[in-house]
Amino acid sequence: MKKQLEKILVIDDEAGMCSLINTVLSDEGYTVTATQKPQEGLALLKKDAFDLVITDLRMPKMDGMEILQAVKSVSPAMPVILITAYSTVDSAVQAMKLGASDYVAKPFKNAELCSAVDNVLEKSRLRAENARLRLELEEKYSFSNIVGNSARMREVFNYISRVAKAEVTAIIQGESGTGKELVARAIHFNGARRSGPFVAIHCGGLSETMLESELFGHVKGAFTDAIKDRKGLLETADGGTVFLDEVGDMPAPLQVKLLRFIQEREIRRLGSDATTSVDVHLIAATNKDLLAEVKAGRFRNDLYYRLAVVPIQMPPLRERMEDVPLLVRHFIQKYTGAAQKDAVTVSAEAMQAIMLYSWPGNVRELENIVQHAVAFLSGGKSITVEMLPQALSGAPARSASCAAADRSFREAKAQVVDSFEKAYIADLLKKTSGNITRASELAGMDRKNLQDLIKKHGLNAGDYSPTT
């Protein structure tokens, strides 16, 4: 069975060795380029993309150590395998300390060479995959993926930046579905600990003993099912960030132990007398009013103030409805991209229904509805009101200030529609860089009607044009 098609550069002054390595690795499915001239090999390395360099250690004009240094100067991450005689194994080991990935002593068996190449390239692939995943995580939890342009969300962005930089303990408060964990992850991945672990634990739904074990770990025999020693999540997250979700549900005895951890930065496994120092950035979250919980005696006052060094309040979606068109566009792009579909728009009637809904499930509910609508698109490219759940098409008006009881339904609805129009058109102009013709096509409306709405809301298409 043919293996990976990685490209390998072989440098050896002996023609027979070049030929042997070329044949063996080519039979394994690798693409091999071999040369007897070290300078020619280095020139090829600068001109072409290789995944591995194999070089002899002892050559008359330029030895393997010099080649290793030259390769690392061109491509620091490039793996290098040295071919060496038994008498120079010590030199090969020294070369590995300088960055070589492995060595093969000759005379070698073909299987030994293949094994060394396979192992080195597998490690290289894992490093590349880890780097790719790390980049994806950093992009996913960058500010650009927490969508919103309202004043409330700009305040949240400001807090994220400050907490990430200062590494102070913070508590994120807000209703379920508002994106509290997303904010916690953004803080982590925009801070100095981004290369460390991010460990999340839900403090509700576990017994006191199990939650203590999850947080602090345990030793064998600490309780009935403790059959071996186990690290807790605080210890696992050493050097990174711990996110305590729904910390308001934490039992009172554990609140005392968490307070002690915050003060001492030491953990003691359940059933043990030994302590271990742990260095983590602590972020908590809750959907409860913790000050009310403090007054009711269900949450410790001293723990609250230890956690709330920086309190971050996540607004419910109904209080930042101007962000809804931006969020809808964000989720459409997210799920049409995943489904490899063409660009999708939202009909005016569907957007109006979305804007009139109260969104008890907040951003999470909106995302689920957009994902569902995108998944069931047929031949059309527009999400219509028929594709939305019945709860939206017959939705009660929001109980925010725009639908106050001192106004008629018609007046309240007119204000919501007016707010929607302005936010939707602004987003449309931003998406099309101020191109009114393209914007009218995406909106599915007459160009003149769009111009009238732009004028009505005091917008200027030129403000969205690319700067020159």
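The values are calculated or read from the model by the stated rules, or taken from the named source; none is laboratory data. Since the structure is predicted, the reported quantities are computational estimates derived from the model, not experimental observations. In this analysis, Cβ positions are derived from the backbone assuming ideal geometry, glycine residues included, and neighbour counts consider all displayed protein chains.
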Inset, instruction - Would you mind telling me which numbered condition in (1) touching a Pro at 6+ places or on another chain (Cβ under 9 Å); (2) surrounded by fewer than 21 Cβ atoms within 10 Å (Cβ to Cβ); (3) assigned to a helix (DSSP H, G or I) GLN255 fails? - result: (1)
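Do we have LEU113 as modelled with pLDDT of 90 or more, in the same structural domain as ASP289 (by TED's automatic domain parsing) and of a type in the set (A, V, I, L, M) here? Before the answer, list the steps.
Values: modelled with pLDDT of 90 or more: yes; in the same structural domain as ASP289 (by TED's automatic domain parsing): no; of a type in the set (A, V, I, L, M): yes.
No: the conditions fail for LEU113.
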Legend entry - Qualifying residue in region 78-92 (condition: at pLDDT 85 or above, surrounded by fewer than 17 Cβ atoms within 10 Å (Cβ to Cβ) and assigned by TED's automatic domain parsing to the domain that holds GLN36): no
Inset, instruction - Could you grab me the full set of residues in region 207-218 that are surrounded by 18 or more Cβ atoms within 10 Å (Cβ to Cβ) and among the hydrophobic types (A, V, I, L, M, F, W, C)? - result: LEU211, LEU215, PHE216
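Specify the residue that is surrounded by the fewest Cβ atoms within 10 Å (Cβ to Cβ); the eligible residues are those in region 162-177 that are farther than 14 Å from VAL309 by Cβ and either under 20 Å from the mean Cα position of the chain (by Cα) or small (Gly, Ala, Ser) (or both).
That would be SER176.
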Inset, instruction - Can you give me the ranges of the helices (runs of 4 or more DSSP H) entirely in region 347-460 with at least 1 residues that are of a type in the set (A, V, I, L, M), closer than 23 Å to GLY179 by Cα and modelled with pLDDT under 80? - result: 390-393, 409-431
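This table checks each residue for (1) among the hydroxyl-bearing types (Ser, Thr, Tyr); (2) in the same structural domain as GLU246 (by TED's automatic domain parsing); (3) closer than 30 Å to ALA131 by Cβ.
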site	(1), (2), (3)
ILE146	no, yes, yes
ARG152	no, yes, no
VAL163	no, yes, yes
VAL168	no, yes, yes
ILE171	no, yes, no
SER176	yes, yes, no
GLY191	no, yes, yes
PHE198	no, yes, yes
THR209	yes, yes, no
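Report yes if GLY221 is surrounded by fewer than 16 Cβ atoms within 10 Å (Cβ to Cβ), in contact with a Pro (Cβ under 9 Å, 6 or more places away or on another chain) and either in contact (Cβ under 8 Å) with a residue 24 or more places away in the chain or among the hydrophobic types (A, V, I, L, M, F, W, C) (or both), otherwise no.
In short, no.
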Inset, instruction - Six or more apart or on different chains, Cβ under 8 Å: which pairs go from a residue in region 360-372 that's under 14 Å from ILE383 (Cα atoms) to one that's among the hydroxyl-bearing types (Ser, Thr, Tyr) and in a helix (DSSP H, G or I)? Could you list them? - result: VAL370/TYR335; GLN371/TYR335
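Here's the yes/no breakdown for (1) out of contact with any helix residue (DSSP H, G or I) (no Cβ under 8 Å at 6 or more places or on another chain); (2) within 25 Å of PRO315 (Cβ to Cβ):
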residue: ALA166; (1), (2): yes, yes
residue: SER176; (1), (2): no, yes
residue: LYS180; (1), (2): yes, yes
residue: PHE189; (1), (2): no, yes
residue: VAL199; (1), (2): no, no
residue: SER213; (1), (2): yes, no
residue: PHE216; (1), (2): no, no
Inset, instruction - Kindly indicate which of ILE11, ILE21 is under 20 Å from ASN119 (Cα atoms), in the same structural domain as LEU113 (by TED's automatic domain parsing), aliphatic (A, V, I, L, M) and touching a Ser or Thr at 6+ places or on another chain (Cβ under 7 Å). - result: ILE11
Legend entry - Condition met for GLY148 (touching an Asp or Glu at 6+ places or on another chain (Cβ under 9 Å) and among the small types (Gly, Ala, Ser)): yes
Inset, instruction - Would you tally the residues in region 220-238 being over 30 Å from ALA164 (Cβ atoms) and at pLDDT 90 or above? - result: 0
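Enumerate the strands (runs of 3 or more DSSP E) found wholly within region 22-118, keeping only those where 2 or more residues are hydroxyl-bearing (Ser, Thr, Tyr). Lay out the reasoning, then the answer.
Details: elements: 31-35, 52-56, 80-85, 102-106.
Those strands (runs of 3 or more DSSP E) span 31-35.
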Legend entry - Pairs where the first residue, in region 35-52, is in contact (Cβ under 8 Å) with a residue 60 or more places away in the chain and the second is of a type in the set (Lys, Arg), C-beta under 7 Å, 6+ apart: ASP51/LYS7
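Scan LEU206, LEU258 and give me the residue that is over 17 Å from VAL280 (Cβ atoms) and not β-branched (Val, Ile, Thr). Before you say what the answer is, go through the steps one by one.
Details: LEU258 fails: over 17 Å from VAL280 (Cβ atoms).
That would be LEU206, the only listed residue that is over 17 Å from VAL280 (Cβ atoms) and not β-branched (Val, Ile, Thr).
Take region 213-243 and flag every residue that is in a helix (DSSP H, G or I) and of a type in the set (Asp, Glu). Before you say what the answer is, go through the steps one by one.
Keep residues of region 213-243 that are in a helix (DSSP H, G or I), which gives 213-216, 233-236.
Passing the criteria: GLU214, GLU235.
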Inset, instruction - Name every residue in region 166-212 that is part of a loop (DSSP other than H, G, I, E, B), hydrophobic (A, V, I, L, M, F, W, C) and at pLDDT 95 or above, in order of residue number. - result: VAL168
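Take the residues in region 51-61 that are within 18 Å of MET17 (Cβ to Cβ) and crowded, with 18+ Cβ neighbours inside 10 Å; name whichever of them is nearest to the chain's Cα centre (by Cα).
Here is the first cut: in region 51-61, the ones within 18 Å of MET17 (Cβ to Cβ) are 52-61.
Next, from what is left, pick out any that are crowded, with 18+ Cβ neighbours inside 10 Å: 52-57, 59.
Numbers: LEU52: 30, VAL53: 33, ILE54: 36, THR55: 39, ASP56: 42, LEU57: 43, MET59: 47 Å.
Filtering first and then ranking leaves LEU52.
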